[in-house]
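The values are calculated or read from the model by the stated rules, or taken from the named source; none is laboratory data. Being a predicted model, the structure only gives us computed values, none of them experimental. We place every Cβ from the backbone using ideal geometry, glycine too, and count neighbours over all the protein chains shown. With ligands, DNA and RNA removed, areas are computed over all heavy atoms of the protein, side chains included. Shrake-Rupley method; radii C 1.70, N 1.55, O 1.52, S 1.80 Å.
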Amino acid sequence: MDLRVFTEPQQGATYDDLLAVAKLTEELGFDAFFRSDHYLHMSGDGLPGGTDAWTTLAGLARETSGIRLGTLMTSATFRNPGVLAIQVAQVDQMSGGRVELGIGAGWFEQEHTAYGIPFPDTKERFERYAEQLELITGLWSTPVGERYSFDGAHYEMADSPALPKPAQSGGHRGGPPVIIGGLGARKTPALAASYADEFNLPFVDEETTKLQFGRVREAADRIGRDPDDLVYSNALVLCVGENEDELARRAAAIGREVGELRENGLAGTPAEVVDKLGRYHELGADRFYLQVLDLADLDHLRLVASEVTPHV
């Protein structure tokens, strides 16, 4: 199974902080470095302030050589889909074909208010999200020399040269892999079945994982797509310690309780974490995003690489 490092830099991180984690991620043999796409912190003071996801990934594309790079999740409210298609394609070129686009409808109203970004109601956000998926993958998959047009309820595009092209073209709809996630019972599984290379579940238990993976598999069956064509993944907060004292110290550093993390996250001794990964794997998860909240604690990743990775 793949283990990926997932960061939340809106909580307080510079580009150099992220670079240090990304380089160690690569050195230790993890599969990928991912970051959230948020501009506003959710707790604390957020100093030194938010950073842009695709600007960050462009830099990391030139300063790493092997790890995959991507977002969980880019908000469809932040960028025009034509611009986003260009940004992702360019960063994919800069990385030599190592980029993945995790994209969602957007949910954090306060950051939109704080930075003057329109925040439509839920119905409109999902409508825009669905159109963005069609537009972005349509632009990437249009053959060179042909033109692309789109006439939707929220976006229109006419006679586009559909350039630049990303380095990758092997995604389900062409271009880099697309990751879709969420807990919706109907729309989310349907969109994943139609557009996604990977379906991700953020911070849910085993029962919810089984239910939602099943919904996505059923949605794929309904449109004649092999459900096994998708990768299924979970994102879980990481807190591992060699002993109880180290575990308690790491939990306190991120403002959480050990018991709560053991129940809701990927927490405990290395052996406990290996066991929990195995249980999720039995439910269909082949990939895990390890949410690392204390970016200064690089020994945390070293422990996982030495005591967890070899056993999964």
*Complete set of residues in region 112-143 that are acidic (Asp, Glu) and either under 16 Å from VAL83 (Cα atoms) or not in a loop (DSSP other than H, G, I, E, B) (or both)*: GLU124, GLU127, GLU131, GLU134
*Pairs only if they're at least six apart or on different chains, beta carbon under 8 angstrom, first in region 208-222 and in contact (Cβ under 8 Å) with a residue 60 or more places away in the chain, second hydroxyl-bearing (Ser, Thr, Tyr); list them, first residue then second.*
THR209/TYR280; PHE213/TYR232
*Working carefully through the options ILE103, ILE117, ILE136, find the one that is farther than 26 Å from PHE33 by Cα and open to solvent by less than 60 Å² (accessible area, probe 1.4 Å).*
ILE117
*Could you list all residues from region 138-165 that are touching a strand residue (DSSP E or B) at 6+ places or on another chain (Cβ under 7 Å) and either of a type in the set (A, V, I, L, M, F, W, C) or in contact (Cβ under 8 Å) with a residue 40 or more places away in the chain (or both)?*
LEU139, PHE150, MET157, ALA158, SER160, ALA162
*Pairs under 9 Å by beta carbon, first residue closer than 26 Å to GLY66 by Cβ in region 31-43, partner part of a loop (DSSP other than H, G, I, E, B) and among the polar types (S, T, N, Q), six or more apart or different chains?*
PHE33/THR64; ARG35/THR51
*Can you name every residue in region 1-14 that is in contact with a helix residue (DSSP H, G or I) (Cβ under 9 Å, 6 or more places away or on another chain) and surrounded by 16 or more Cβ atoms within 10 Å (Cβ to Cβ)?*
LEU3, ARG4, VAL5, THR7, PRO9, GLN10, ALA13
*Are any residues in region 248-275 free of Cβ contacts under 8 Å to residues at least 24 places away in the same chain, crowded, with 17+ Cβ neighbours inside 10 Å and not in a helix (DSSP H, G or I), and if so, which ones?*
ARG256
*Being within 21 Å of the chain's Cα centre (by Cα) and of a type in the set (Ser, Thr, Tyr) is the filter here, so list the residues in region 254-312 that pass it.*
TYR280, TYR289, THR309
*Unique residue being within 25 Å of PHE288 (Cβ to Cβ), more than 17 Å from the chain's Cα centre (by Cα) and open to solvent by 30 Å² or more (accessible area, probe 1.4 Å) when the list is MET42, MET73*: MET42
*Selection from region 83-100 of residues that are open to solvent by 30 Å² or more (accessible area, probe 1.4 Å) and not in a helix (DSSP H, G or I)*: GLY96
